[in-house]
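The values are calculated or read from the model by the stated rules, or taken from the named source; none is laboratory data. Because the structure is predicted, anything quoted here is derived from the model rather than measured. Counting neighbours? That spans all protein chains shown, and the Cβs are built from the backbone with ideal geometry, glycine included.
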Amino acid sequence: MKRIDVAEIKPGMILAEKIVSPRGQVLAEAGTAITAQQLLHISYYGIKTLSVQDAEDAIEKYDFEAPDEFIGETQSWRILNSEEFAEFKRAYVKCSDRLEEIVDSFVHKQAGLNDKDLLDDIHTVFEEHSTGLGIMAMMLNIQEIDSTTYRHSVNVAIISRVCGMWMGIKDKKELDVLTMCGLYHDIGKSLIPHDILTKKGPLTPDEYGRMAEHPLLGYNLLSDVQIDRRIKLAALQHHERNDGSGYPYGLTKDFIGEFSKIVAITDVYDAMTADRCYRAGICPFEVIAQFQRQPPAKYDQNVLQVFLKNIAHSYIGTGVLLSDNSRGIITMVSDKALSSPLVKLDDGSFLDLRERTDMFIKACI
Ligand SMILES: [Fe+2]
Ligand SMILES: [Fe+2]
């Protein structure tokens with residue numbers, strides 16, 4: 001057991017002691033895996049440190065499972081079994097297979113980058129879902145298939161395009177450039193040894209150093225290609241952070257491209273949701289809470305707020321399972337507390353998660 005700073009606590013760590021608010025309300029029980037939603041609540045009370053069990057005990061996929069009675073009727077299950085999802089999956093798999101072929105022949109055989117077919121595939125994905133909301137729900141569920149670099153790149157491309165649409169970008173050519181930023185952001189990884197890329201468990205400092213070269217490798221690969229400069233910059237800058245805490249150069253906000261800033265967010269979003277697969281579906285409010293725990297100066301807030309707000313709002317009307325196993329429907333989302341919506345419970349009463357800091361959303365059902 002050790003006592004550590006709340007800012008350093010990762011969701012999934014097991015609490016060694018229960019957490020109690022200044023008013024005596026139990027916010028989390030000892031022996032449970034802490035969630036990002038609980039960590040957000042705790043920060044409101046000014047609690048600075050927490051006792052957790054050894055780091056090795058942390059649960060990486062700490063998501064909760066809905067009780068068996070919900071299996072087969074969850075939101076996730078409905079999406080996964082819909083004809084719309086089957087179609088989406090076909091277009092998606094085609095796109096990631098094509099991306100793999102194109103990148104492979106570009107890197108090894110010096111062939112050109114053929115983006116037209118790829119963009120056609122992405123346009124097919126979007127034709128049916130012009131608002132992007134349906135796409136985001138399907139993106140959460142496609143994670144169950146597998147997560148190679150190519151799948152991840154297609155995810156980041158699709159999510160970046162949706163984010164661009166939400167930000168009000170209407171010009172199709174601009175949206176195509178943003179989509180390409182996502183498709184090629186990790187192209188440098190094709191030059192990283194396979195055993196490092198696929199290693200399970202933590203990387204050694206040496207391996208981490210190799211991995212951290214991928215933005216520069218990607219930029220170099222693309223440097224002579226006749227494509228929009230923003231695509232090359234996204235490959236170079238997607239791990240830079242506005243506050244200078246990123247890599248490879250530790251650039252600050254004025255030196256990072258606008259599209260690179262979008263990809264920085266969608267890349268992290270995809271990585272977060274890829275970790276969060278469980279049979280009852282992924283709880284988007286937990287992902288939102290994880291973003292909200294980050295220092296505000298880290299990401300472009302204009303992009304992040306629009307992105308998270310749209311995701312949260314798209315769940316209004318969705319059934320949720322709360323931490324005490326009660327059920328309800330998301331009724332209202334406040335822009336100031338996106339991960340703590342107002343829930344109408346099965347008995348007709350309302351529960352405001354902004355006030356009930358001892359509760360959180362376990363799953364969308
Ligand atoms: Fe990357
Ligand atoms: Fe990435």
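Quick notes
- Any hit, region 227-242, residues being touching a Lys or Arg at 6+ places or on another chain (Cβ under 6 Å), within 11 Å of ligand 1 (Cβ to nearest atom) and at pLDDT 95 or above: no
- Qualifying residues in region 175-198 (those that are away from ligand 2 (no atom under 16 Å from the Cβ) and charged (D, E, K, R)) - the one farthest from the chain's Cα centre (by Cα): 195
- Sole exception among (1) at pLDDT below 95; (2) out of contact with any Gly (no Cβ under 9 Å at 6 or more places or on another chain) for residue 330, by number: (2)
- Checked against the criteria, residue 224 counts as among the charged types (D, E, K, R), at pLDDT below 95 and assigned by TED's automatic domain parsing to the domain that holds residue 262.
- One residue from 346, 324 being at pLDDT below 95, of a type in the set (D, E, K, R) and touching a strand residue (DSSP E or B) at 6+ places or on another chain (Cβ under 6 Å): 346
- Residue list for region 22-41, filter: in contact with a strand residue (DSSP E or B) (Cβ under 9 Å, 6 or more places away or on another chain), small (Gly, Ala, Ser) and assigned to a loop (DSSP other than H, G, I, E, B): 30, 31
- Taking residues in region 1-30 that are within 19 Å of residue 323 (Cβ to Cβ), and partners anywhere that are buried (at least 16 other Cβ atoms within 10 Å of the Cβ) and among the charged types (D, E, K, R), the pairs with Cβ atoms closer than 7 Å and at least 6 places apart or on different chains are 25/358; 26/358; 27/358.
- Hey, residue 186 within 18 Å of residue 113 (Cα to Cα) and within 14 Å of ligand 1 (Cβ to nearest atom) or not: yes
- Residue check: residue 201 meets all listed conditions (1) more than 16 Å from ligand 2 (Cβ to nearest atom); (2) part of a helix (DSSP H, G or I) but one, namely (2).
- Top-ranked residue in region 221-254 [being without any contact (Cβ under 8 Å) to a residue 12 or more places away in the chain and outside any loop (DSSP other than H, G, I, E, B); ranked as farthest from ligand 2 (Cβ to nearest atom)]: 254
- The lone exception for residue 84 - which of (1) outside the structural domain of residue 222 (by TED's automatic domain parsing); (2) within 26 Å of residue 319 (Cα to Cα); (3) at pLDDT below 85 it fails: (1)
- In the set 134, 72, only one residue is on the phi > 0 side of the Ramachandran plot and at pLDDT below 85; that residue is 72.
- Residues that are touching a residue at least 40 places away in the same chain (Cβ under 8 Å) and within 17 Å of residue 310 (Cβ to Cβ), drawn from region 264-273: 265, 266, 269, 270, 273
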